[in-house]
Amino acid sequence: MDQMKMAKKLYDAQKQLKKEIIEVVSSDENPEVTMRFSAAMEIKSVEIDPEFLKPENAEELNNLVKSCIRDGLAQAQTVAQNKIQPMLGGLGKLPF
């Protein structure tokens, strides 16, 4: 495959990754935090249950948000690798 075709395929794949949405919820039982990410590793939205926005919940909220960000970015990275890796053939793993 020539370089122009490869560049076009990668560009198209990146556009698709921006459209693919991954949702991460803090927990199934008590979804205090819900975050959505694109597979291009962009945060698309953050929703926090208003009932959970109390000073006594600040530390737990901080931990839930960090956990959602970590999990969402990890899932986005996996999706991106699975979509782009086949196009790279033997060029190795993506650097992210």
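Observations on the structure shown:
- In the range 42-65, the residue that is surrounded by the fewest Cβ atoms within 10 Å (Cβ to Cβ) out of those that are in contact with a strand residue (DSSP E or B) (Cβ under 6 Å, 6 or more places away or on another chain) and farther than 27 Å from residue 16 by Cα is 48.
- Among residues of the range 1-18, those that are farther than 20 Å from residue 80 by Cα and either in contact with a Lys or Arg (Cβ under 9 Å, 6 or more places away or on another chain) or of a type in the set (Asp, Glu) (or both), counted: 2
- Answer residue from the range 24-41, given it is free of Cβ contacts under 8 Å to residues at least 40 places away in the same chain and surrounded by 18 or more Cβ atoms within 10 Å (Cβ to Cβ) and is farthest from the chain's Cα centre (by Cα) among those: 32
- For residue 87, the test of being modelled with pLDDT of 90 or more and of a type in the set (A, V, I, L, M) is failed.
- Breaking point among (1) in contact (Cβ under 8 Å) with a residue 24 or more places away in the chain; (2) touching a Ser or Thr at 6+ places or on another chain (Cβ under 9 Å), for residue 44: (1)
- Cβ-Cβ under 9 Å pairs, at least 6 apart or on other chains, the range 63-75 side within 17 Å of residue 40 (Cβ to Cβ) and assigned to a helix (DSSP H, G or I), far side aromatic (Phe, Trp, Tyr) and modelled with pLDDT of 95 or more: 69/37; 72/37; 73/37; 75/37
- Within the range 19-62, considering residues that are in a strand (DSSP E or B) and of a type in the set (Gly, Ala, Ser), the one nearest to residue 84 (Cα to Cα): 38
The values are calculated or read from the model by the stated rules, or taken from the named source; none is laboratory data. Model, not experiment: these values are computed from the prediction. Here Cβ is always computed from backbone atoms with ideal geometry, including for glycine, and neighbour counts include all displayed protein chains.
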